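Working notes, beginning with the structure itself.
Since every read-out is calculated from the coordinates, none of them should be taken as a lab result. In this text, all values refer to a predicted model and were calculated from it rather than measured experimentally. Neighbour counts are summed over all protein chains in view; Cβ atoms, including those assigned to glycine, are modelled from backbone coordinates with ideal geometry.
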Amino acid sequence: MTPARALIAEDEPLLAAGLRADLAALWPDLQVVASVGDGISAVTQALALQPDICFLDIRMPGSTGLEAAQALAEDWPDTASGAAFPLLVFVTAYDQYALRAFEAQAVDYLVKPLDRQRLAACVLRLQARLAERARTAATPMAAALPGPAARADTDLNHTLAQLRALLGGVAPPPGTRLEVIQAQVGNLVHMVPVHEVLYFEAADKYVRVVTAEREHLIRMSLRELLPQLDPQVFWQVHRGTVVQARCIATARREETGKVTLTLGGRPEKLTASRLYAHLFKGM
């Protein structure tokens, strides 16, 4: 069997080196193909190298481990090639509330400071899951079973379901709901009622606020804005896009698993990623 390949994303060099050394002792055949220190690099390298396993620190510069996992789930190549989505292991210093969210979704996680015995148990689970993948692909009945692409889709769909629940399980508590967006241009502040906003879109360190008539930029991240929006009214459809649900005119499911949205009052089309495609089902 081909040796497993792993990526480590950890912004503390000593912890990254310690994890790599412990993995070398516990799993000598494992190949660590990249070690990076921020979430953006983790996504870039994982998409380029397509490792079997990603160890993702929750708190990293650029984007968190959960946000990196979200980006991977959204941008992972189409599974027509049979490429399996990597197994994810989160490295966290979160409190017990958040740990219960990981446990409820059967997601592998490691708690800082890393415990060698806990890592050994994690390694055994990862080896078992990779071996099961290999057995499924090599079974004599493989010709009668769904092909590699279909099995890869099944793995990805399972991970997507876990991530959806996990992102909700460790989300910050909702703050005061916004009623008005104050968008400043020079000395002028535009007061934009939230109910007039069609969608919000991340733009570097800003957020685009788009209404039927015009657009505004506010100096706030989407991560900061989300807890202040009513999730029943504003749906996150992509890691960088939040849409007011009543403003969505049509939703078209594509072969890639993504969904193309049209809006009332705007000519552009938006994309709902595979992570949020489950929101759009006929009644």
Note to self: What Kirkwood Rh does the stretch 180-279 have if only Cα atoms enter the pairwise 1/r average? Answer in Å.
What the structure shows: 13.9 Å
Margin query: If you consider only alpha-carbon coordinates, what radius of gyration and Dmax does the stretch 190-232 have, in Å?
Written below: 10.0, 26
Margin query: What does the net charge come to around residue 62 if you take all other residues with beta carbon closer than 10 Å to its beta carbon, with K and R at +1 and D and E at -1?
Written below: -3
Check: Percent antiparallel among DSSP beta bridges with both residues in the chain, to the nearest 5?
Finding: 65 percent
Next item on the list: Would you mind calculating the gained length between residue 17 and residue 103 on full extension (0.36 nm times residue separation, minus the Cα-Cα distance), in nm to one decimal?
Entry: 28.3 nm
Next item on the list: Rank these for me by crowding, 195, 238, going from fewest to most other beta carbons within 10 Å.
Entry: 195, 238
Check: Which is the longest part of the chain that has none of the GluC sites (Glu not before Pro) sitting in a DSSP loop with at most 13 other Cβ atoms within 10 Å?
Finding: 1-178
Item checked: Inter-probe distance in nm under a simple model that places probes 7 Å from Cα toward Cβ, at residue 208 and residue 180 -> 2.6 nm
Item checked: Highest-fluctuation residue, 191, 60, 220 considered, GNM on the chain with Cα pairs under 10 Å -> 191
Item checked: Charged-residue dipole, Cβ positions (Lys, Arg, Asp, Glu), the stretch 180-279 about Cα centre, Debye nearest 20 -> 220 debye
Next item on the list: Choose one of 207, 256, 227: the residue whose Cα lies farthest towards the positive end of the charge dipole of the chain (beta-carbon charges +1 Lys, Arg; -1 Asp, Glu; about the Cα centre).
Entry: 256
Margin query: Rounding to the nearest 10 and keeping the result within 0 to 90°, find how far the Cα-based axis of helix 116-138 lies from the longest principal axis of the chain.
Written below: 90 degrees
Notebook entry, point to check: Please state the relative contact order of the chain as a whole percent: Cα pairs under 8 Å, 6+ residues apart?
Noted result: 12 percent
Next item on the list: Would you mind computing the Rg to Rh ratio of the chain from its alpha-carbon coordinates, Kirkwood style for Rh?
Entry: 1.01
Check: So which lysines can residue 281 reach, going by Cα to Cα under 20 Å and dropping same-chain residues fewer than 8 places off?
Finding: 258, 269
Next item on the list: Would you mind checking which residues have amide H under 5 Å from residue 63's amide H? H placed 1.01 Å from N; only 5 or more apart, or other chain.
Entry: 39, 40
Notebook entry, point to check: So how much slack lies between residue 195 and residue 135, counting 0.36 nm per residue of separation and subtracting their Cα-Cα distance, in nm?
Noted result: 16.3 nm
Notebook entry, point to check: Over the stretch 180-279, what is the relative contact order in whole percent, taking alpha-carbon pairs under 8 Å and six or more residues apart?
Noted result: 18 percent
Check: Once you put a point 7 Å from the Cα of residue 252 and another 7 Å from the Cα of residue 59, both along the Cβ direction, what distance in nm separates them?
Finding: 4.5 nm
Next item on the list: Work out how much length residue 31 to residue 112 would gain on full extension: take 0.36 nm times their residue separation and subtract the Cα-Cα distance, in nm to one decimal.
Entry: 26.9 nm
